[in-house]
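No value in this document is a laboratory result; all are computed from the given coordinates. Remember, it's a predicted structure, so these values are computed and weren't measured experimentally. Glycine gets a Cβ as well: all are built from the backbone with ideal geometry, and neighbour counts include every protein chain shown.
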Amino acid sequence: MMMFLRLVTVVAACFGLFGNIANAQLRIDITEGQVAPTPIAIANFTGPDGVVSEVGKQIAQIISEDLESSGLFAPVDSAAFIEPPKAPSIRPNFTNWSPLGVKGLLVGSAYIDSAGMLQVEFVLWDVVIQRNITGGGGNADQNAVRRISHQIADFVYEEFTGDRGYFDTRVVYVAESGSQSRRLKRLAIMDQDGHNHQFLTSGADLVLTPRFSPTANEIAYLNYFNDEPNVYLFEIATGRTERLGSFPGMTFAPRFAPSGDKLIMSLAQNGMTDIYEMDMRTQAINRLTQSASIDTSPSYSPDGSKIVFNSDRGGSQQLYVMDADGANVRRISFNQGRYATPVWSPRGDIIAFTKMANGQFYIGVMNVDGSGERLLASGFLVEGPTWAPNGRVLMYFKQQPFETDGSGGDTHVYRIDITGFNEKRIITPSDASDPAWSPILR
Amino acid sequence: MDRRSLIISVGLHVSVATLAWIGLPSIKRDLPDEQPIVVMEMVQSVPTTNLTQGDKPNTAKKEQKAAKSKKPPPPSPPAPPRAKPPAPKPVAKPAPKAPDPKAEILPQKITPKPKPKPAIAQPPAPPKSKPKTTATLKAPKRLPQSPPKRINKLARQKALEKQREDALSGVMQNLAKAKAVSEDAEKKRREKERKEAAETLTSNLTTAAGNAIRAPEKPVVGPLGLSDIDRIRQHVSSCWSPPIGTAGANTLIVDIIVTLDRDGKVLTAEVDNKMRLATDRTFRVAADEAIRTMFKCSPLPVPLDKYEQWKSFIFGFDPKFLTR
């Protein structure tokens with residue numbers, strides 16, 4: 001009888017188990033979403049008295065422009081605000097912000113103190129969850145309004161995307177002017193949004209391919225001094241220039257190693273163009289490739305262990321990857337067309353390049369093994385991609401000819417998101433080419 | 001090892017045989033109380049698989065009813081496991097009076113309960129047999145009731161011997177009778193025990209099955225249909241901004257545990273993987289967006305009559321499609 005009752009218990013337990021399974025928590029997988037800019041409210045910053053200050057308006061304006069230019073944010077017009085801006089210490093009334101459909105609200109204070117310093121404080125609120133996301137503050141020189149605004153924009157960008165912002169960065173490029181026959185090319189530098197523009201060289205010598213050092217304090221570039229092309233170093237703070245190395249032949253296409261202690265470049269000697277690395281302290285050079293072909297445009301991986309470059313050793317211009325010491329060279333581009341100017345992403349996962357195929361130029365990206373090629377921009381001439389320090393925006397230059405034979409026309413710098421959306425021109429005082437994006441400024 | 005297996009095998013066979021011997025005959029006999037309850041569960045579970053309801057939520061209820069009456073089993077996947085037990089269905093046949101097994105079936109199936117009740121009245125009859133067994137025990141009392149009279153020695157002796165023999169045979173007969181009666185009583189007692197055990201088994205199984213199949217006793221509502229889930233999924237998708245362009249977006253799968261009130265309004269939304277939340281900044285941002293999505297989407301378009309089914313959800317936000 002006991003056995004019998006046990007059996008009954010077992011059966012009942014089984015039923016109980018099935019019952020639990022039947023009542024398990026329901027799961028729904030969301031595998032699609034809306035790709036749209038994040039709506040956000042940037043309130044004018046208030047002064048110490050709680051009233052909007054002039055500098056506070058300026059800061060809110062710069063932050064809004066930064067975020068909007070990324071294509072990932074949609075700042076709401078302040079005219080639509082129900083509630084006037086308040087000091088960052090006051091918790092907002094979210095019922096006045098929710099109707100705007102915004103996910104975030106940035107409030108802050110900014111004023112010039114008695115010592116003439118700019119004092120800034122800000123708080124970023126999550127309007128949907130109704131909590132404080134981040135906040136901060138600091139002071140700066142009165143002339144640093146734009147820079148401190150870019151830094152706040154970076155905070156906001158990071159909190160909503162997970163990637164570091166890139167607004168507090170600069171871009172060096174080649175400013176072009178004059179006719180095609182007597183083209184003047186000078187080094188110029190500007191903020192990533194085109195503001196604070198400044199020429200670095202006079203234009204007496206032709207300059208090409210400027211590249212920032214990892215500290216953003218120096219620029220390596222190609223300078224035709226006395227019609228002899230060589231790699232030079234430009235110190236931004238002092239304006240001092242220095243030729244890197246002195247050896248027979250032509251050096252070009254320089255790029256710094258991530259550590260900053262080495263520079264790689266191409267050296268053309270005896271009809272051969274190979275890749276060399278230079279010790280920045282001793283200026284000693286070390287040859288990395290040895291072939292009868294043209295090996296050029298080298299670029300380090302972010303960890304410095306690999307180098308990508310282009311070479312015509314296989315018959316046409318293609319992309320190759322090798323170890324930092326020149327070993328294990330392998331081709332990675334196999335699609336139709338020619339490839340040039342490869343640049344390794346700061347994230348390390350993809351490589352940007354210029355491609356020539358079917359009479360068109362393209363800017364594209366591919367995985368580091370050559371797979372997953374995607375073309376992001378195209379035109380009569382698009383070239384010279386450079387990465388934003390967060391690895392999700394590319395800048396390049398584009399020439400749009402006036403004539404059908406390709407002559408004439410303007411050359412401008414553009415930027416585009418790696419998704420292929422949000423292509424925007426950067427406004428410069430003159431034609432612009434060969435941009436190079438700086439690391440995050442410190 | 002083999003001997004042990006043999007012993008286990010034999011033991012199991014014996015227990016199964018015993019169970020069948022004890023239980024099956026009892027089930028065949030009238031146990032109307034339990035049967036209808038099981039049937040009730042089955043009947044209710046079949047029409048509530050709301051695939052059809054989900055397909056045509058508001059448009060043609062009449063069509064749905066007609067479809068149900070024609071094909072009760074076609075309902076969605078959840079039905080099969082519960083549809084099998086319909087073995088009891090035949091028992092439900094007494095209710096054939098109800099030609100359309102739609103919603104009306106429920107009340108009609110419940111009403112047959114009283115019908116079998118008369119059958120319940122019969123079993124109590126056996127208890128009456130108990131007094132009979134006590135009556136047979138009176139027989140031994142007859143022995144002292146036959147004292148012999150003395151006529152002469154021989155005759156008396158013979159008579160005595162005869163009487164003794166008779167008495168002896170009478171005692172033996174009586175003892176045999178008593179034995180037979182007691183055996184009969186024992187049989188009945190065992191039978192009664194078996195019956196009680198069978199009743200206990202059936203009622204336990206019924207209770208267990210009932211508990212397993214229906215969580216709440218009163219409103220028996222089916223699970224969420226595919227269309228319900230699709231509607232919720234689409235609604236939440238329309239509120240979600242996936243982490244486009246973010247490094248490793250395909251690994252940023254965020255599970256959010258959501259609790260809702262009876263109106264479908266989001267009460268709480270919490271990240272399941274809290275460990276990664278603390279260590280991975282990109283994941284934290286993706287998780288924040290997922291939580292925002294849930295509150296932004298509140299209330300969810302849930303069928304209000306099935307609160308028990310959706311009062312708590314897990315939403316898995318998977319941005320892999322961005323890397324396709």
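What order do you get for A:Val365, A:Val76 when you list them from fewest to most C-beta neighbours inside 10 Å?
Values: A:Val365 21, A:Val76 17.
Ranking A:Val365, A:Val76 by Cβ neighbours within 10 Å, fewest first, gives A:Val76, A:Val365.
Given the -39500 (n - 2.57) contribution per DSSP H run of 4+ residues, what per-residue ellipticity at 222 nm results for chain A, rounded to the nearest 500 deg cm²/dmol?
Values: 3 runs with 54 residues, N = 442.
Dividing the helical sum by the residues of chain A leaves -4000 deg cm²/dmol.
How large is ³J(HN,Hα), in whole Hz, for each residue of the stretch A:25-40 in order, when computed from phi with the Karplus curve 6.51 cos²θ - 1.76 cosθ + 1.60 and θ = phi - 60°, using x for Gly and Pro?
Here the 3J(HN,Hα) series is 5, 6, 10, 10, 8, 9, 10, 9, x, 9, 8, 8, x, 6, x, 8 Hz.
Per q in 0.11, 0.14, 0.17 Å⁻¹, report the Debye log10 I(q)/I(0) for the stretch B:226-323, using one uniform scatterer on each alpha carbon and no solvent.
-0.32, -0.51, -0.73
Which entries of A:Lys306/B:Lys320; A:Lys185/A:Lys424; A:Lys185/A:Lys262; B:Lys265/B:Lys296; B:Lys265/B:Lys320 have Cα-Cα distances beyond 18 Å here?
Values: A:Lys306/B:Lys320 28 Å; A:Lys185/A:Lys424 23 Å; A:Lys185/A:Lys262 27 Å; B:Lys265/B:Lys296 10 Å; B:Lys265/B:Lys320 28 Å.
Too far apart for the 18 Å limit: A:Lys306/B:Lys320; A:Lys185/A:Lys424; A:Lys185/A:Lys262; B:Lys265/B:Lys320.
Residue-wise, which Karplus ³J(HN,Hα) couplings in Hz belong to the stretch A:215-227, taking 6.51 cos²θ - 1.76 cosθ + 1.60, θ = phi - 60°, and x for glycine or proline?
Whole-Hz 3J(HN,Hα) from phi for the stretch A:215-227: 8, 6, 8, 10, 10, 9, 7, 9, 10, 8, 8, 6, 6.
Taking H as built 1.01 Å from N, whose amide H comes closer than 5 Å to the amide H of A:Leu376, not counting residues under 5 places away?
Long-range HN contacts for A:Leu376: A:Ile363, A:Gly364, A:Val365.
Taking Cα atoms, how many degrees apart are the long axis of helix A:2-22 and the longest axis of chain A, rounded to 10 and kept between 0 and 90?
50
Name the residues whose placed amide hydrogens come within less than 5 Å of the amide hydrogen of A:Thr289, ignoring near sequence neighbours (fewer than 5 apart) on the same chain.
Amide H to amide H, under 5 Å and 5 or more residues apart or across chains, A:Thr289 pairs with A:Ile275.
Provide the per-residue ³J(HN,Hα) series for the stretch A:418-434, in order, calculated from phi with Karplus coefficients 6.51, -1.76, 1.60 and θ = phi - 60°, each as a whole number of Hz, with x at glycine and proline positions.
My calculation for the stretch A:418-434 gives 5, 7, x, 9, 6, 6, 9, 8, 9, 6, 10, x, 9, 4, 9, 8, 6 Hz in order.
Take the Cα radius of gyration of the stretch A:33-107 and divide it by 2.2 N^0.38 Å, with N its residue count; two decimals is plenty. Let's see the in-between values first.
On the way: Rg = 12.5 Å, N = 75, 2.2 N^0.38 = 11.3 Å.
Normalised by 2.2 N^0.38 Å, the Cα Rg of the stretch A:33-107 equals 1.10.
In which sequence would A:His195, B:His13, B:His235, A:His150 go, from the one with the fewest C-beta neighbours within 10 Å to the one with the most?
On the way: A:His195 13, B:His13 10, B:His235 16, A:His150 24.
Sorted ascending by nearby Cβ count, the order is B:His13, A:His195, B:His235, A:His150.
What per residue convex hull volume, in Å³, comes out for the stretch A:38-161 when only alpha-carbon positions are used?
89
Roughly how crowded by other chains is peptide B:304-316, in terms of the mean Cβ count from those chains within 10 Å of each of its Cβ atoms?
Numbers: counts 0, 0, 0, 0, 1, 2, 2, 2, 2, 4, 6, 5, 5.
Going residue by residue through B:304-316 and averaging, the value is 2.
Exposure proxy check: B:Leu277, A:Leu67 ranked by fewest other beta carbons within 10 Å?
On the way: B:Leu277 17, A:Leu67 26.
By the 10 Å Cβ count, ascending: B:Leu277, A:Leu67.
Percentage of Cα-Cα pair distances in chain A greater than 38 Å, rounded to whole percent?
On the way: 34606 of 97461 pairs.
So the pairs more than 38 Å apart make up 36 percent of the total in chain A.
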